[in-house]
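Have a look at the structure below, then the notes.
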Amino acid sequence: MPTVAFITLGCKVNQTETEAMAGLFRQRGYETVEADGQADVYVINTCSVTHLGERKSRQMVRRAGRLNPDAIVAVTGCFAQLSPAEAAAIQGVDVVVGTQNRLHIVDYVEQAREHKQQIQAVSDIMSMNAFEEIPLQDSPGRTRAFMKIQDGCDNYCSYCIIPYARGHLRSRSLSGIREETRFLADAGYREIVLTGINLGTYGRETGRNTLVDAVRTVLAEPRIARVRLSSTESLEISAELIGLMEQDPRLCPHLHLPLQAGDDAILAAMRRPYTTSEYAELLTLLRQRVPGLAVTTDIIVGFPGESADSFARTLEYVRRMGFAKIHVFPYSKRRGTAAATFAGQVGDAEKKRRVAELMQLGEQSSLEFRRRMLGQTVPVLLERADGGQAEGLTPNYQRVFIVAAETGLAENQLVQAELSGIQAEGFAGRLKK
């Protein structure tokens with residue numbers, strides 16, 4: 001039986017796409033193996049969000065070629081889409097596929113092997129107007145499944161290369177969502193995480209559906225205990241979506257709303273379509289309507305023109321917002337974006353210092369959020385269970401570690417746990433009857 005290994009860099013969307021491609025290979029008789037060993041085929045799903053992500057993508061491609069010089073090496077993802085000639089020029093690369101045409105990746109691999117020639121299958125992503133359906137062929141059998149329902153972005157933030165790698169807005173059909181939901185429920189999954197490049201714009205390109213319609217489609221399957229949204233822009237949080245989160249406890253009270261900066265001048269330079277006051281008003285409304293809501297965020301530091309005063313305003317704003325978790329990124333200059341030409345580029349050493357300072361503040365904010373939850377009894381969906389030890393997630397995405405006298409705890413089980421202590425990665429929990 002031929003073997004295939006996958007190396008995935010970047011976001012949850014990439015991870016979801018890798019799982020879909022792995023199913024295509026397994027359907028054709030391939031066995032998936034670990035990426036650090038020998039395989040007949042290596043598929044590297046690349047990232048271009050930052051220059052470091054792109055550099056690591058190139059490193060992983062070269063590494064795959066060294067692991068087995070006779071293997072077929074296929075490069076896909078954002079780096080392959082943006083720089084197909086560069087990807088094709090890396091020694092040992094046999095197949096180059098961008099962010100489209102992944103449905104045919106097994107065919108490309110087998111053609112490259114049979115004809116002993118490189119296959120380049122990178123399409124003009126900006127001309128694509130239909131969502132590429134890659135139905136899951138099988139399931140690795142975990143508790144939480146990621147379902148991609150949207151691709152593309154038309155925001156063109158001044159720092160971001162992703163619209164050029166992913167193209168215009170494209171949404172999955174409700175029938176496709178319904179079919180995959182049933183497939184995942186049949187496989188035993190209890191939670192589905194909806195993902196997309198710009199998830200909140202689901203259905204906008206046609207005007208026929210919205211994200212609420214997609215969520216309702218998943219919630220219509222009674223065997224699914226939880227639906228969670230991945231990263232969503234704040235402006236895409238509609239009153240109808242808030243109402244659904246209020247009404248149906250299966251729609252998890254957890255939203256990842258990228259902020260990117262806590263200073264209005266920097267937000268304007270980033271071409272972010274909101275102000276700090278608008279963002280704060282939304283958080284106030286959400287917290288009033290959705291008890292126990294956890295809001296997590298992304299922030300970029302060291303954006304061109306971010307002065308010491310600008311950064312200080314971001315720090316003060318973050319202190320007031322009470323985020324459950326903050327992901328901090330140093331600004332990465334991306335060729336082809338507007339911000340790459342801006343004056344006032346911040347030096348690497350200063351960016352590193354600001355990242356450390358904001359991360360420390362983020363840890364304090366996360367700790368304060370967990371302190372407010374301490375002592376509560378909450379439902380926990382177990383992702384791992386071994387005898388009397390288990391761990392899982394609360395609806396608002398807090399990890400709970402349980403040690404119980406009972407040995408009957410099982411993966412995929414929903415239990416009630418009292419949050420009895422704070423740990424570095426979440427909570428210690430006591431099983432409640």
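Would you mind calculating the relative contact order of segment 379-433 from Cα pairs under 8 angstrom and at least 6 residues apart, reporting the percent as a whole number?
34 percent
Of all DSSP beta bridges located in segment 43-175, what percent are antiparallel, nearest 5?
So the antiparallel bridges in segment 43-175 amount to around 15 percent.
Count the net charge of all other residues whose Cβ sits under 13 Å from the Cβ of residue 281, scoring Lys and Arg as +1 and Asp and Glu as -1.
Surrounding charge for residue 281 is +2.
Roughly how many Å² is the accessible area per residue of segment 13-83, as a whole number, for a 1.4 Å probe?
So segment 13-83 comes to 40 Å² accessible per residue, rounded to a whole number.
How many percent of Cα pairs in segment 67-133 exceed 17 Å?
In whole percent, the share of Cα-Cα pairs in segment 67-133 beyond 17 Å is 39.
Just going by the charge dipole of segment 139-217, with Lys and Arg at +1 and Asp and Glu at -1 on Cβ, which of 194, 139, 155 is farthest out on the positive end?
In segment 139-217, that residue is 139.
Report, in listed order, any pair from 56/333; 56/116; 12/432; 148/333; 12/352; 325/433 with a Cα-Cα distance greater than 23 Å.
Table pairs above 23 Å Cα-Cα are 56/116; 12/432; 148/333; 12/352; 325/433.
For segment 224-355, what % of the accessible area comes from carbon and sulfur atoms, probe 1.4 Å?
Carbon-and-sulfur percentage of accessible area, whole number: 54.
When the accessible area of segment 26-169 is computed with all protein chains present and a 1.4 Å probe, what percentage of it is carbon and sulfur?
47 percent
Quick one: net charge around residue 104, please, counting Lys, Arg +1 and Asp, Glu -1 for every other residue with C-beta under 12 Å from its C-beta.
Net local charge, residue 104 excluded: -1.
Determine the shape class of segment 207-314: with a ≥ b ≥ c the square roots of the Cα gyration tensor eigenvalues, call it rounded for a/c under 1.5, and otherwise prolate if a/b is greater than b/c, oblate otherwise.
prolate
When the Cα centres of segment 368-389 and segment 119-156 are compared, how far apart do they sit, in Å?
33 Å
Give me the extension gain from residue 118 to residue 186: residue separation times 0.36 nm, minus the current Cα-Cα distance, reported in nm with one decimal.
Taking residue 118 through residue 186 to full extension adds about 20.6 nm, to one decimal.
Considering the dipole of segment 20-74 built from charges on the beta carbon (Lys and Arg +1, Asp and Glu -1) around the Cα centre, which of 69, 38, 24 is farthest to its positive end?
Positive-most Cα among the choices belongs to 69.
With +1 on the Cβ of every Lys and Arg and -1 on the Cβ of every Asp and Glu, and nothing else charged, how large is the dipole of segment 1-151 about its Cα centre, in debye rounded to the nearest 20?
About 460 debye.
At R0 = 60 Å, how high is the FRET efficiency between residue 363 and residue 110 if r is their beta carbon distance? Nearest 0.05 is fine.
That gives a FRET efficiency of 0.80.
Hey, got the Cα dimensions of segment 121-190 along the principal axes, in Å, largest first?
Cα extents, longest axis first: 41, 24, 22 Å.
So what is the relative contact order of the chain, in percent, for Cα pairs below 8 Å that sit 6 or more residues apart?
Relative contact order of the chain: 10 percent.
Please give the length that would be gained between residue 1 and residue 309 if that part of the chain were fully extended, namely 0.36 nm times their separation in residues minus their C-alpha to C-alpha distance (nm, one decimal).
This chain segment gains 104.8 nm when fully extended.
Is there a quick way to get the dipole size of segment 212-354? I mean about its Cα centre, with the Cβ of Lys and Arg at +1 and of Asp and Glu at -1; what is the value in debye to the nearest 20?
540 debye
What percent does the relative contact order of segment 130-186 come to when contacts are Cα pairs within less than 8 Å and at least six residues apart?
In percent, rounded to a whole number, it is 41.
Quick check: from the Cα gyration tensor, does segment 89-214 come out rounded (a/c under 1.5), prolate or oblate?
oblate
Per residue, what volume in Å³ does the Cα convex hull of segment 284-379 take up?
With only Cα atoms used, segment 284-379 gives 127 Å³ per residue.
Return the ratio Rg/(2.2 N^0.38 Å) for segment 36-160, where Rg is computed over Cα atoms only.
1.11
With only Lys, Arg, Asp and Glu charged, each at its Cβ (+1 for the first two, -1 for the last two), find how big the charge dipole of segment 292-433 is about the Cα centre; round to the nearest 20 debye.
320 debye
Rounded to the nearest Å, what's the spacing between the alpha carbon centres of segment 180-259 and segment 35-112? Just the number, please.
31 Å
Report, for the chain, the % of DSSP beta bridges that are antiparallel, rounded to 5.
Given both bridge residues lie in the chain, the antiparallel proportion sits at roughly 35 percent.
Enter the accessible area per residue of segment 307-433 (Å², integer; probe 1.4 Å; all protein chains in place).
53 Å²
The values are calculated or read from the model by the stated rules, or taken from the named source; none is laboratory data. As the structure is a computational prediction, the values presented were derived from the model and not from experiment. With ideal geometry, Cβ positions are generated from the backbone for all residues, glycine too; neighbour counts draw on all protein chains shown. The area values use the complete protein model at the heavy-atom level, side chains included, leaving out ligands, DNA and RNA. Shrake-Rupley method; radii C 1.70, N 1.55, O 1.52, S 1.80 Å.
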